[in-house]
1. Take the range 203-216 and flag every residue that is under 14 Å from Cys185 (Cα atoms) and either part of a helix (DSSP H, G or I) or not polar (S, T, N, Q) (or both).
2. Quickly run through the range 181-202 and pick out the residues that are part of a loop (DSSP other than H, G, I, E, B) and more than 24 Å from Ala268 (Cβ to Cβ).
3. Which of the residues belonging to the range 253-268 are under 20 Å from the mean Cα position of the chain (by Cα) and surrounded by fewer than 13 Cβ atoms within 10 Å (Cβ to Cβ)?
4. So, in the range 132-147, of the ones that are part of a strand (DSSP E or B) and modelled with pLDDT of 95 or more, which residue ends up surrounded by the fewest Cβ atoms within 10 Å (Cβ to Cβ)?
5. If I filter the range 45-56 for residues that are among the β-branched types (Val, Ile, Thr), surrounded by fewer than 20 Cβ atoms within 10 Å (Cβ to Cβ) and under 30 Å from Gly145 (Cβ atoms), do I get at least one hit?
6. Taking only pairs six or more apart or across chains, which ones have beta-carbon atoms under 7 Å, a first residue in the range 170-190 that is free of Cβ contacts under 8 Å to residues at least 40 places away in the same chain, and a second residue that is aromatic (Phe, Trp, Tyr)?
7. Ile116 versus (1) within 27 Å of Leu207 (Cα to Cα); (2) among the β-branched types (Val, Ile, Thr); (3) assigned by TED's automatic domain parsing to the domain that holds His49: which is the lone unmet condition?
8. Just checking, how many residues over the range 148-167 are part of a strand (DSSP E or B) and crowded, with 18+ Cβ neighbours inside 10 Å?
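The values are calculated or read from the model by the stated rules, or taken from the named source; none is laboratory data. Fair warning: this is a prediction, and the values are worked out from it, not measured in the lab. Here the Cβ positions follow ideal geometry from the backbone for every residue, glycine too, while neighbour counts run over all protein chains shown.
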Amino acid sequence: MGYDNITTSCFNMKHTIESAQPLTFHSDYDAANGILTYPKEDRIVTVRHSGDHEKGSLRVDRRDRKEVAGRFRLSDNMDKVYAYIETDAFMKGATARYPGMRLTLNDPWETTLCFILSQFNNVKRIRATTKSIINRFGPKIYSDGVLVGRGFPSTEVLQKRKVSDFVACGAGYRARYIKAAAEYCTENLDLESLRGKSYEDTKEELLTIPGVGSKVADCIALMGYGKLEAFPIDTWVKRTMERVYFGGRTKKEEAIRELAFEKWGRMAGYAQQYLFWHGRQQG
C-alpha cells in the first residue's frame, strides 16, 4: 500500500462535486480540507485535493489512481473543451464562474439509480435517499477487519427488495421505478454491454428501462458512459436555453436540443453541465 500524487490542471473539486452529478448524491466531501470519500466496489476511495483550479494535485491510494483519473475525466483537455463551448457571452461567463468544473464518469447502474431518484426532486432529498439505500442494502466494506462503510448495491441485490423498502428510504413514488429498473437491468439489459455502442443506440436501450425518460437517459449516457453528445434537458436547462437563446420564448425540447447540437455538437454534454449549473445559480 502506498500513495500517489496526481497532478491536475483546470480542475476544481468543489465545483465538480456540488454540481448535481452522481458523486454529489452519495460521496462525502469535506470542502474545507479538500477531502472526498466514496465507495467503489470493495473499498472506500479517499481523495485529497490540494492547490487551486489552475494547478493542483490529488493524493490517492496507489490502487485508486486509475479509478480517480477516470472518474474525474482528468485526461480531458479543458482548454480545448472551453474553446469549443465558449460560443457566446453566457457560456464564457459560466466557465469563468466555475473554472475547472469537470464532468464525472460513473458506474452505469449507480448513475441510473441516482437519476431515477432525481426526477421532480432536489439535491438534499436525492442525497438522503441514495445514502439510505446504500446504508441499508449496500455490501459491507471492511478494512483490517473493521467495518468502514458500504458499497453501492447492485441490481441483483435491489431487485430482491420490496417497493416498500425504497419508500422507507425516502424514494416516494420513485420506489416502484427503482424496483422495476433493478429487475429489468438484472434480467433483460446488461448495462456493461452498452459501453461500446453509439450515443444514439445507448440512449435507445436506456429508454427501455422502467422509469427512464429522455432526460434521465441522457444523464446516464453522459455521466455513466461518457457520451459527450448527450444533452440532458431538465427544467433549469430548458428555462436557461429559452431565456438566453430564444428571447424568453417557450420552446419544445426538440428545438432546444437541435440548437444545442448546432452550437456545441460533440461537446454538448459539457456545455449542458455549465448551462445547468450557471443557469441554476443565477435562477
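1. To start, the set of residues in the range 203-216 that are under 14 Å from Cys185 (Cα atoms) comprises 205-212.
Within the range 203-216, Glu205, Leu206, Leu207, Ile209, Pro210, Gly211, Val212 qualify.
2. In the first step, residues of the range 181-202 are kept if they are part of a loop (DSSP other than H, G, I, E, B); the result is 188-190, 195-198.
The answer is Asn188, Leu189, Asp190.
3. Correct list: Arg266 only.
4. To start, the set of residues in the range 132-147 that are part of a strand (DSSP E or B) comprises 140-143, 146-147.
Of the ones still in play, those that are also modelled with pLDDT of 95 or more are 140-142, 146-147.
Numbers: Lys140: 10, Ile141: 17, Tyr142: 11, Val146: 7, Leu147: 9.
Ranking the qualifying residues of the range 132-147, first place goes to Val146.
5. Going residue by residue through the range 45-56, those that are among the β-branched types (Val, Ile, Thr) are 45-47.
Those left that are additionally surrounded by fewer than 20 Cβ atoms within 10 Å (Cβ to Cβ): 45-46.
From what is left, the residues that are under 30 Å from Gly145 (Cβ atoms) are 45-46.
Yes, there is a match, as at least one residue in the range 45-56 is among the β-branched types (Val, Ile, Thr), surrounded by fewer than 20 Cβ atoms within 10 Å (Cβ to Cβ) and under 30 Å from Gly145 (Cβ atoms).
6. Listed by first residue and then by second, the contacts come to Ala175/Phe166; Lys179/Phe166.
7. (3)
8. Going through the range 148-167, the residues part of a strand (DSSP E or B) turn out to be 148-150.
Imposing the further condition that a residue be crowded, with 18+ Cβ neighbours inside 10 Å reduces the set to 149-150.
The total comes to 2.
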